[in-house]
Amino acid sequence: MFVHRGLYTERLMRLLVLFLLAGAAVAQAPSSYKPFAVLPDLTAGILLPHSDAIFNVTRHAPKNDEEWTAVQTSAAVLAESGNLLVMRGRRKEYGEPVPQTADWRKHVQAPVDAAKGATKDLDAVFLACEPLYQACFARHDADRFCPTCQETPPKGQSESH
């Protein structure tokens, strides 16, 4: 399944270390960290590849511990990505801020919770796929169409800026 298993595992470990370091930096000095990536960057670079890794288990079941570790790592990265999505200062594609509303956080939390179901158990991963798909779809839909997920612009500022 993996052509370069060692390289793939090394990259996943580096990504996890990056998340841990970023988390430590945010915990120590939350006001000094400014997000770099916009929401579509996180979607394309983190959410889609790692959710696909979980969905692909339905087509190609992991055959050994290394392949299961890759699936579990994708689930962990996907679960941690919720923190990145709600980070203050994060921007959407066209520069508007990512909302901080309760509804937005609910939509972000749903894929996080679904990813946690992807354990080293084929049946559990299969069961996690449908809620993960629905949660991802709802989160994407909320980003564009959920009126209670959008923040009201300050007085005197139009919504189409």
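Every number in this text was worked out from the coordinates using simple rules, so none of it is lab data. Given the structure is predicted, the values throughout are model-derived calculations rather than measurements. Ideal geometry is used to build each Cβ from the backbone, glycine not excepted, and the neighbour counts take in all protein chains shown.
Numbers at a glance
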{"quantity": "Those lysines that a straight Cα-Cα span of less than 28 Å connects to Lys92, excepting residues fewer than 8 apart in one chain", "calculated": "Lys34, Lys106, Lys116, Lys155"}
{"quantity": "Computed E for Thr69/Phe36 - FRET, C-beta separation, R0 30 angstrom, nearest 0.05", "calculated": "0.60"}
{"quantity": "Sequence-distant lysines (8 or more away, or on other chains) whose Cα lies within less than 18 Å of Lys63", "calculated": "Lys120"}
{"quantity": "Per-peptide average of other Cβ atoms within 10 Å, ordering 123-134, 77-88 highest first", "calculated": "77-88, 123-134"}
